[in-house]
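The values are calculated or read from the model by the stated rules, or taken from the named source; none is laboratory data. Every value quoted in this text rests on a predicted model; they were computed, and no experiment measured them. Note that each Cβ is placed from the backbone with ideal geometry, even for glycine, and that neighbours are counted across all protein chains shown.
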Amino acid sequence: MLAADDEKQIPQLPADWSRCHAYNDRKRRYCRQMPAPGFNYCGNHLHLIEGHEAEGHKKRVCGEESSSSSNKKNKKDRGARVPCPIDPSHLIFESALAKHVLVCPAAKQKEETCSREYYRHDTNRGGFGELGDTTGEDVEIDLDRAKILAMAVLKVFCSIFPSALSSAQKESDGRGNLSDNILKCLTEDDIYNALPEVDHSKSEEGIATDISKHRIKAGGPRHLHQIASILGHVRQNGFIALNDNTEQAVIVEMGAGRGMLGLVIASAIGAAQTESTSSSKVKLHLVERSGTRGKAETKIRTAVESTMQNKSDDNLRLDRVDVARIKCDLAHVHMSTALPLLSTKEQKSRSIAVAKHLCGSGTDLALKSLRDIVRTSNVDGCIMATCCHGLCTWSDYVGRECLLNLFCSVGGLPKFGVRDFNQLKRWTSASVLENGNAGTDQQRQEEEGGEGVNDEHKVGNADTAKGKSQNIFSVVKELNLACGGRGLGRACQRLIDYGRTDYIKKHLFEADLSKGKVDVSLCHYCSSEITPQNALIIAKRKSA
């Protein structure tokens, strides 16, 4: 029996509920899996059934109701279950390993991917810049080193984002000589407000209505808000309108998943076009390593072209989008081969690369993949919302040159390398915690039908375990930092993103940088209440 308090917390089953009767406290709803015939629980919640009923349920689910002792013996002979060597996400019996490798669907998929002409193994790995100090990569730094690193983070942050300091603080010691007392007085708000918050979602309010009208699976209200704001940034930076009817609009979404951000942007460009500005469809290329359901191309295929063309007031024109999916990991895709249209100067195009919450090193791999097609002068810019900084790797990070220089010259560290970067990336996860507790953002996204939750939102990656000398909250307490763990974690996030903007300016658009024809900036594209991962990198090649 449930206690009286538990009964108050758990709501009654919905009328005519035919799904599993297990209540999920974290998601605050009942399980939506189908139960086995004759039972109230699905296989995942078998442990909630007691006694003989549970045993009978096991047998029915597993098909073992008539199993004999010989069958049990055969099961033991199969050996233990081990991860598949090709795709560790599923398990197989040791005895069936040799046979399974020959028929594994993942093996066929990998073979098919590797056979594509744009596949180049690890072509985009390696990051950019010297590796710096590589000693003791697997050894955690001690508390004293962690305290020195934390102060260096704040010093470097204020040097590249001086708006974090008040005018009185700037004048007291001078911009280039900040005292520790000033740095320790920085608040979480000071660090957050160092970047402007530019939310364009209100100017794109009609998009949310059209997304619902076309039944585009963009996620819950928070995802709609983010998509609308990113679309607003695309529009405000002049990527929507074409100059003449000879230009071809091209959108490349990196780490696309279902591809809904790219679909909305491409459809909005299609709606802005007229017969006089362009006679061709908007080209949408979706780069994603894995398959997914509810894809953008399915929505375009099912769009009724005749009904679309008669709606001149429609903000989205799916019938004017031509979509192609590049099924390959960003680490291995050779973009010049995959996108020949952008690899030649003969075809005039208005093209941008976009990404929404491209996790961890995915942003670095995406930037590396763009280097060839950007240098052909056929990519006008990129707009990328970063995410999951705790999953970044020093070996693939493109901003190594920038951080090595900043931490040694401005931060005052004698050396900087993989151990320090690993500590920074662990600290970044504190920025997604609410009052020191993880899981809130993860719960939000799952409840609203988001496209998935990343590991950075879990307690394990937040480096909050008790007893660790380099725990971010222990360091903050030792130094008496006013910004708290979330403020310091957010500063670490922005430094990682700043290294990426430096790479974009100096090594993607270097030819335009020398002529003053490129703008690269960082901003918050929505409030942290919508998502704590709200930083947006914007790179725009200026027109001549």
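Within the range 401-419, how many residues turn out to be surrounded by 21 or more Cβ atoms within 10 Å (Cβ to Cβ) and either over 19 Å from G489 (Cα atoms) or among the hydrophobic types (A, V, I, L, M, F, W, C) (or both)? Let's see the steps before the verdict.
Residues of the range 401-419 that are surrounded by 21 or more Cβ atoms within 10 Å (Cβ to Cβ), as a first pass: 402-404, 406-407, 411, 413, 416-417, 419.
Now drop any that are not either over 19 Å from G489 (Cα atoms) or among the hydrophobic types (A, V, I, L, M, F, W, C) (or both), which leaves 402-404, 406-407, 413, 416.
Residues in the range 401-419 being surrounded by 21 or more Cβ atoms within 10 Å (Cβ to Cβ) and either over 19 Å from G489 (Cα atoms) or among the hydrophobic types (A, V, I, L, M, F, W, C) (or both): 7 in total.
Being in contact with a strand residue (DSSP E or B) (Cβ under 9 Å, 6 or more places away or on another chain) and either in the same structural domain as S229 (by TED's automatic domain parsing) or assigned to a loop (DSSP other than H, G, I, E, B) (or both): is that true of I530 here? First the steps, then the outcome.
Working: in contact with a strand residue (DSSP E or B) (Cβ under 9 Å, 6 or more places away or on another chain): no; either in the same structural domain as S229 (by TED's automatic domain parsing) or assigned to a loop (DSSP other than H, G, I, E, B) (or both): yes.
No.
Within the range 79-94, is there a residue that is assigned to a helix (DSSP H, G or I) and either surrounded by 11 or more Cβ atoms within 10 Å (Cβ to Cβ) or at pLDDT below 80 (or both)?
Keep residues of the range 79-94 that are assigned to a helix (DSSP H, G or I), which gives 94.
Narrowing the set further to residues that are either surrounded by 11 or more Cβ atoms within 10 Å (Cβ to Cβ) or at pLDDT below 80 (or both) leaves 94.
Yes.
Any residue that is surrounded by 13 or more Cβ atoms within 10 Å (Cβ to Cβ), touching a strand residue (DSSP E or B) at 6+ places or on another chain (Cβ under 9 Å), modelled with pLDDT of 85 or more and not basic (K, R) - is there at least one of those in the range 31-46?
Checked the range 31-46: at least one residue is surrounded by 13 or more Cβ atoms within 10 Å (Cβ to Cβ), touching a strand residue (DSSP E or B) at 6+ places or on another chain (Cβ under 9 Å), modelled with pLDDT of 85 or more and not basic (K, R).
Whether any residue in the range 406-422 is β-branched (V, I, T), in a loop (DSSP other than H, G, I, E, B) and at pLDDT 95 or above is what I want to check.
no
Can you find even one residue in the range 133-149 that is on the phi > 0 side of the Ramachandran plot, at pLDDT below 95, part of a loop (DSSP other than H, G, I, E, B) and in the same structural domain as M335 (by TED's automatic domain parsing)?
Yes: one or more hits.
For T440, which of the numbered conditions (1) touching an Asp or Glu at 6+ places or on another chain (Cβ under 6 Å); (2) at pLDDT below 80; (3) crowded, with 20+ Cβ neighbours inside 10 Å fails to hold?
Failed condition: (3).
Kindly provide the set of residues from the range 102-115 that are of a type outside the set (S, T, N, Q), in contact with a strand residue (DSSP E or B) (Cβ under 9 Å, 6 or more places away or on another chain) and surrounded by fewer than 16 Cβ atoms within 10 Å (Cβ to Cβ), ordered by number. Let's see the steps before the verdict.
Initially, the range 102-115 is screened for residues of a type outside the set (S, T, N, Q), giving 102-108, 110-112, 114.
Subset that is in contact with a strand residue (DSSP E or B) (Cβ under 9 Å, 6 or more places away or on another chain): 104, 112.
Listed by number, the list holds a single entry, E112.
Kindly list the number of the only condition in (1) at pLDDT 85 or above; (2) within 23 Å of K281 (Cα to Cα); (3) among the hydrophobic types (A, V, I, L, M, F, W, C) that fails for L342.
(1)
For the range 131-141, does any single residue satisfy the condition of being crowded, with 17+ Cβ neighbours inside 10 Å, under 26 Å from the mean Cα position of the chain (by Cα) and acidic (D, E)?
no
Among the residues of the range 512-523, are any assigned to a helix (DSSP H, G or I), among the β-branched types (V, I, T) and modelled with pLDDT of 75 or more? Step through it out loud before you land on a result.
Pass one, the range 512-523, residues assigned to a helix (DSSP H, G or I): 512-514.
So of that shortlist, the ones also among the β-branched types (V, I, T) come out as none.
Within the range 512-523, none of the residues are assigned to a helix (DSSP H, G or I), among the β-branched types (V, I, T) and modelled with pLDDT of 75 or more.
For the range 374-387, name all the residues that are surrounded by fewer than 24 Cβ atoms within 10 Å (Cβ to Cβ) and part of a helix (DSSP H, G or I).
Result: R375, single match.
Would the range 49-66 turn up any residue that is at pLDDT below 85, over 30 Å from W17 (Cβ atoms) and surrounded by fewer than 12 Cβ atoms within 10 Å (Cβ to Cβ)?
The answer is yes, given that some residue of the range 49-66 is at pLDDT below 85, over 30 Å from W17 (Cβ atoms) and surrounded by fewer than 12 Cβ atoms within 10 Å (Cβ to Cβ).
Do you know which residues across the range 167-209 are at pLDDT 85 or above and among the aliphatic types (A, V, I, L, M)?
I182, L183, L186, I191, A194, L195, V198
Looking at the range 210-223, which of the residues that are outside any loop (DSSP other than H, G, I, E, B) and over 14 Å from R258 (Cα atoms) is modelled with the highest pLDDT?
R222
Return the pair list, or none, for Cβ contacts closer than 7 Å from residues in the range 373-399 that are over 29 Å from S349 (Cα atoms) and in contact (Cβ under 8 Å) with a residue 24 or more places away in the chain to residues that are basic (K, R) and part of a loop (DSSP other than H, G, I, E, B), at least 6 apart or on different chains.
D396/R125
If the Cβ limit is 9 Å and pairs must be 6+ apart or interchain, which residue in the range 489-513 that is outside the structural domain of T428 (by TED's automatic domain parsing) pairs with which residue that is at pLDDT below 90?
none
So which of A331, A353, A366 ends up being modelled with pLDDT of 90 or more and part of a strand (DSSP E or B)? Can you show your working first?
On the way: A331 fails: part of a strand (DSSP E or B); A366 fails: part of a strand (DSSP E or B).
Of A331, A353, A366, the one residue that is modelled with pLDDT of 90 or more and part of a strand (DSSP E or B) is A353.
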